[in-house]
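Asks: Could you have a look at this structure, given as structure tokens, before my questions?
Here, each number is a calculation from the coordinates, and none is a lab measurement. None of the values given here were measured: they were computed from a predicted structure. Cβ sites come from the backbone with ideal geometry, for glycine too, and all protein chains shown count toward neighbours.
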Amino acid sequence: MNGLCNWRWPLAGALLPLLLACSPGSQTPPAESAGQVKPQAELRMNFYAASRAAEQVSFGANPALVAELQRKGLASWIDEQFALPPSTAVSPTWVRYYDDKNELASNRAGNFPSDQFWRRALSAPDQLRQRVTWALFQFIPVAQGQPNGQVQYYNMLINNAFGTYPQLLHEVTVQPMMGWYLNNETNRPPSPQCLGCTPNENYARELMQLFSIGVVQLNSDGSVIRDANGKPRETYTQKDVEALARALTGWRGAWDNDPLSKMANFDQRMTPEAEAFLHDSKAKVVMGMPLVAGMGAAAELDAVIALLMQHPNVAPFVSLRLIQHLVTSNPSPAYLSRISTVFRNNGSGVAGDLRAVVKAILLDPEARAGDVPGQQTRQSGKFREPVQWMSALMRGLACTAPLYSSDGKSQWVVGPPGQPPNAPPSVFSFYQATDRVPGSNLLAPEQKIVGTMELNSRLGMLNWHLLDSNNPASASNRSNSGCDLSTPAQLLRTDPTAFLDMVSQRWFRGAMPPTLRSKMATLMQSETWNSNEEGALTMIQFALASPYYGVMR
């Protein structure tokens with residue numbers, strides 16, 4: 001493998017502009033009428049279509065999932081996914097209660113949320129729920145914090161991923177991890193009993209800006225509403241933030257009675273304060289809508305959520321983010337308008353029905369156009385973000401558990417360098433839905449975190465974690481991750497053509513580009529490796545680090 005090592009680094013630096021070149025283009029799709037997605041007769045999916053659908057509904061295609069989609073059809077498979085019980089995590093005692101002055105105990109507990117994320121991504125049966133949860137977490141995040149708090153917050157999203165959006169907003173608001181993260185826990189108004197108190201605006205602002213309606217007014221198709229001077233119309237004002245912060249006062253989290261932890265109890269929802277003066281029950285006006293006087297904290301929270309759900313922005317705001325995470329970064333206005341219509345009314349008068357919205361997103365003609373190679377528009381598709389790149393690689397290798405790295409003393413879960421799943425850098429997450437391709441008006445938020453470091457890691461990450469004897473955790477990873485290296489290694493040794501066929505089937509929908517296949521065949525003939533496993537893994541990572549795999553279309 002010396003030849004590959006010699007040009008690995010410059011190649012990785014060159015992959016980013018190639019990925020940009022493969023990003024969605026500017027071609028405008030044919031105009032389509034707005035409205036709800038009409039049910040269509042279930043059709044048997046061919047291998048290519050089923051493989052493509054698997055990338056949208058899971059953390060990566062594998063032979064079993066592709067075969068299941070071919071057998072059942074996408075609509076029926078989605079319905080069966082809706083019926084599956086949620087796969088959530090249970091924090092053991094050593095995660096709930098640990099001595100934070102003990103480095104080993106703290107590290108062990110701190111790894112648990114990431115460990116559980118990867119186990120579910122790789123092998124949970126409710127893949128669609130897990131994929132939708134990951135989408136929700138990326139625009140309603142909490143940053144890294146107390147391990148059980150992270151677990152319980154993510155569990156809450158899993159449990160509500162197929163519910164309604166107003167119920168989700170309610171559960172987010174009363175979830176203690178969010179309460180501590182954005183300061184709504186013990187958010188209190190001034191009163192004679194609390195003279196120094198001032199409502200904290202942090203959660204109120206993000207509830208509007210990032211979780212529900214955004215900062216500028218939108219049409220159903222996502223286009224910005226402008227005034228006579230062409231300036232975007234703002235959704236809310238500072239006065240609205242102040243009023244909403246007052247409305248959200250009066251909530252308290254529980255504390256754990258364990259003498260060792262002295263931590264918040266993240267298993268219990270926050271509850272209204274017992275003392276009435278800790279909630280501002282005076283009348284308020286938010287975005288022109290009145291909140292009447294005399295409501296308690298719980299009743300006023302319900303009124304706030306109803307107010308947000310009545311806002312015309314909430315449908316295109318949420319729909320865009322779900323479309324981007326599941327199907328395409330830059331949906332056409334018609335696609336977004338159709339999904340916004342479903343968000344407002346699921347056909348039975350229910351707004352924010354996430355099951356209906358997710359199903360409509362995945363069955364929409366624009367989502368399914370690419371099931372026939374060459375039929376999608378140039379603007380369709382999305383960058384394969386780091387987490388989904390790594391999960392797809394590992395699921396294709398039949399891995400069922402995460403990989404660990406070690407310094408000989410502590411161990412930590414391996415993840416992509418630019419996107420540790422349980423640790424977004426801020427409340428603005430890893431990227432924003434409105435991030436664009438540099439120098440373009442095309443939405444491509446995921447490209448923001450696909451840089452040289454990420455591309456370098458894609459070329460050799462698994463070799464280090466599974467095969468390198470200098471890594472203290474590699475032997476354990478081989479034993480515990482479930483990753484199957486023997487099948488590709490045997491094919492590489494006995495039948496290189498069959499090896500390329502296998503790579504094509506598992507990761508390229510059976511349609512690996514001829515240029516890439518030819519390049520791989522040449523490298524396989526010219527390179528030597530310490531073992532067939534090393535050769536197979538190196539060639540797989542080489543193929544998946546290419547622009548052909550870096551953009552999902």
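Asks: Based solely on its DSSP helices, what 222 nm [θ] is calculated for the chain when runs of n ≥ 4 H residues each add -39,500 (n - 2.57) and the sum is averaged over all residues, nearest 500 deg cm²/dmol?
Replies: Helix-only estimate at 222 nm: -15000 deg cm²/dmol.
Asks: May I ask you to order 222-231, 465-474 by the average number of other C-beta atoms within 10 Å around their residues, highest value first?
Replies: Highest to lowest by the protection proxy: 465-474, 222-231.
Asks: Filter the GluC sites (Glu not before Pro) in region 105-214 to those in DSSP coil with at most 11 other Cβ atoms within 10 Å of their Cβ, and list the result.
Replies: Counting only loop positions with at most 11 other Cβ atoms within 10 Å, none of the GluC sites (Glu not before Pro) in region 105-214 qualifies.
Asks: Run the Debye formula on the Cα coordinates of region 314-463, all scatterers equal and no solvent, and tell me log10 I(q)/I(0) at q = 0.10, 0.17, 0.18 1/Å.
Replies: -0.45, -1.09, -1.17
Asks: Between residue 254 and residues 5 or more places away or on another chain, which pairs have amide H atoms under 5 Å apart, with H built 1.01 Å from N, and which residues are they?
Replies: Those qualifying (amide H under 5 Å, at least 5 residues apart or on another chain) are 265.
Asks: On the first, second and third principal axes, largest extent first, how far apart are the outermost C-alpha atoms of region 166-312 in Å?
Replies: Computed over the Cα atoms, the extents are 61, 32, 24 Å.
Asks: Within a Cβ distance under 13 Å of residue 65, other residues only, what is the Lys/Arg minus Asp/Glu net charge?
Replies: With Lys, Arg at +1 and Asp, Glu at -1, the neighbours total +3.
Asks: If you average 1/r over all unlike Cα pairs in region 315-367 and invert the result, what Kirkwood radius do you get in angstrom?
Replies: Answer for region 315-367: a Kirkwood hydrodynamic radius of 10.5 Å.
Asks: DSSP loop (so not H, G, I, E, B), at most 14 other Cβ within 10 Å: list which trypsin sites (Lys or Arg not before Pro) in region 42-96 pass both filters.
Replies: 44
Asks: Using θ = phi - 60° and the Karplus form 6.51 cos²θ - 1.76 cosθ + 1.60, what ³J(HN,Hα) does each residue of region 345-357 get, whole Hz, x for Gly and Pro?
Replies: 7, 6, x, 10, x, 9, 9, x, 6, 5, 4, 5, 5
Asks: Let me ask something else about it. Net charge within 13 Å of residue 379 by Cβ-Cβ distance, Lys/Arg positive one each and Asp/Glu negative one each, not counting residue 379 itself?
Replies: Neighbourhood net charge equals +3.
Asks: Could you tell me which of 285, 184, 298 has its Cα farthest along the dipole of region 166-312 towards the positive end, charges placed at Cβ (Lys, Arg +1; Asp, Glu -1), taken about the Cα centre?
Replies: Result: 285.
Asks: Please rank 255, 77, fewest neighbouring Cβ atoms within 10 Å first, as an exposure proxy.
Replies: Least crowded to most crowded, the residues run 255, 77.
Asks: Across bins of 20 angstrom width beginning at 0, how are the C-alpha pair distances of the chain distributed, in whole percent?
Replies: The percentages, shortest bin first, are 20, 52, 25, 3, 0.
Asks: From largest to smallest, what semi-axes in whole angstrom does region 228-348 give when each is the square root of 5 times an eigenvalue of its alpha carbon gyration tensor?
Replies: Those come to 34, 23, 14 Å.
Asks: Charges only on Cβ, +1 for Lys and Arg, -1 for Asp and Glu: so what's the dipole of region 166-312 about the Cα centre, in debye to the nearest 20?
Replies: 400
Asks: In a shell of Cβ-Cβ distance under 13 Å around residue 411, excluding residue 411 itself, what net charge do Lys and Arg (+1) and Asp and Glu (-1) give?
Replies: Residues close to residue 411 contribute a combined charge of -1.
Asks: A further question follows. In whole angstrom, how far apart do the alpha carbon centroids of region 174-230 and region 420-437 sit?
Replies: 18
Asks: Using 27 Å as the Cα-Cα cut-off, could you pick out the over-long pairs in 409/448; 72/359; 239/382?
Replies: The pairs that break the limit, which is 27 Å between Cα atoms, are 409/448; 239/382.
Asks: List the residues whose amide H sits under 5 Å from the amide H of residue 191, counting only those 5 or more places along or on another chain, with H placed 1.01 Å from N in the peptide plane.
Replies: Placed amide hydrogens put 197 under 5 Å from residue 191.
Asks: Mind putting a number on the dipole of the chain about its Cα centre? Charges go on the C-beta only, +1 for Lys and Arg and -1 for Asp and Glu, and I need it in Debye to the nearest 20.
Replies: So the dipole magnitude of the chain works out to roughly 980 debye.
Asks: Based on the Kirkwood radius over alpha-carbon pairs, what is the Stokes-Einstein translational diffusion coefficient of region 346-420 at 37 °C with 0.692 mPa s viscosity, in µm²/s?
Replies: Approximately 202 µm²/s, per Stokes-Einstein.
Asks: Please enumerate, by chain and number, the aspartates and glutamates with C-alpha under 16 Å from the C-alpha of residue 284, excluding those fewer than 8 residues away in the same chain.
Replies: 201, 240, 242, 300, 302
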